[in-house]
1. Can you spot a residue in region 114-122 that is of a type outside the set (Gly, Ala, Ser), in a loop (DSSP other than H, G, I, E, B), under 18 Å from the mean Cα position of the chain (by Cα) and farther than 22 Å from CYS81 by Cα?
2. In the set ILE191, ILE180, which member is assigned to a loop (DSSP other than H, G, I, E, B), touching a strand residue (DSSP E or B) at 6+ places or on another chain (Cβ under 9 Å) and farther than 30 Å from PRO84 by Cβ?
3. Restricted to region 151-195, and to residues that are touching a residue at least 40 places away in the same chain (Cβ under 8 Å) and touching a Lys or Arg at 6+ places or on another chain (Cβ under 7 Å), which residue is surrounded by the most Cβ atoms within 10 Å (Cβ to Cβ)?
4. Starting from residues that are polar (S, T, N, Q), modelled with pLDDT of 90 or more and touching a helix residue (DSSP H, G or I) at 6+ places or on another chain (Cβ under 7 Å), keep the ones in region 146-197 and report whichever is farthest from PHE75 (Cα to Cα).
5. Give the residue, chosen from ILE132, ILE121, that is touching an Asp or Glu at 6+ places or on another chain (Cβ under 7 Å), of a type in the set (A, V, I, L, M) and modelled with pLDDT of 95 or more.
6. For region 81-108, what are the residues that are under 18 Å from ASP65 (Cβ atoms) and aliphatic (A, V, I, L, M)?
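The values are calculated or read from the model by the stated rules, or taken from the named source; none is laboratory data. Owing to the predicted nature of the structure, the values given are computational and were not obtained by experimental measurement. Cβ: placed from backbone, ideal geometry, glycine included. Neighbour counts: every protein chain shown.
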Amino acid sequence: TNPKNPINKFLYKLIFGSRIQEKIKGSKKKKRIKRGKKMELSTKSISMKEILDAPLHVIGFEISDISLQKIFGYFLVAKKCCNPFEVLHGGVSALIAESLASMGAHVASGFGRVAGVHLSIHHLKSANLGEIVYAEAKPLNVGKSIHVWEVNLWEKNSLNLGERILISSSRVTIKTNMPIPKNVKDAAVNIKKYAKL
């Protein structure tokens, strides 16, 4: 990939936000990130959502419930989540579906390593810029090596607050109980802090 390509710069800025700045404050030296070098971050400035899932953090997704029965959260549809027509981008819905299902499978499998192997998503209604969207992942099947999770995204009906208006419905198949590499042995520590088990 060409780092000078404007699309790559845009994606990099979207993913890392203001944390990586082109200029160091008080200096004219440019900050460079070398491949293979790990970035050290102060854990004091990192929020729960960033610790649990960095891509969800980028879009402002808030996880409010982690348990064996479900993963639940919500987010405000911001400009960075929208397509050019100012509605929620379908790829963002897919990102949320796989992230929540993977997190749920990770918890349900006893905090083993997991990997998404199939994602099927139906986009049923658009969510406009500025709307709040809720998401919930629930297990349909929890096996020894394969889990199937259903993930729904919805908004609340402003006329009938108890009613959900479904935006998308997904099914995610996840492989579980894979060996955990040595460099991520403590990956489950953070999710265990916030899970209601």
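1. Quick first cut of region 114-122, residues of a type outside the set (Gly, Ala, Ser) only: 114, 117-119, 121-122.
Narrowing the set further to residues that are in a loop (DSSP other than H, G, I, E, B) leaves none.
Looking through region 114-122, none of the residues is of a type outside the set (Gly, Ala, Ser), in a loop (DSSP other than H, G, I, E, B), under 18 Å from the mean Cα position of the chain (by Cα) and farther than 22 Å from CYS81 by Cα.
2. Working: ILE191 fails: assigned to a loop (DSSP other than H, G, I, E, B).
Answer to the check: ILE180.
3. In this case the residue turns out to be ILE167.
4. Of everything passing the filter in region 146-197, THR176 is farthest from PHE75 (Cα to Cα).
5. Details: ILE121 fails: touching an Asp or Glu at 6+ places or on another chain (Cβ under 7 Å).
ILE132 is the lone residue from the list that is touching an Asp or Glu at 6+ places or on another chain (Cβ under 7 Å), of a type in the set (A, V, I, L, M) and modelled with pLDDT of 95 or more.
6. Within region 81-108, ILE96, ALA97, LEU100, ALA101, MET103, ALA105, VAL107, ALA108 meet the criteria.
Every residue, every condition in (1) hydrophobic (A, V, I, L, M, F, W, C); (2) touching a Pro at 6+ places or on another chain (Cβ under 8 Å), yes or no:
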| position | (1), (2) |
| --- | --- |
| ILE71 | yes, no |
| CYS81 | yes, no |
| PRO84 | no, no |
| GLY104 | no, yes |
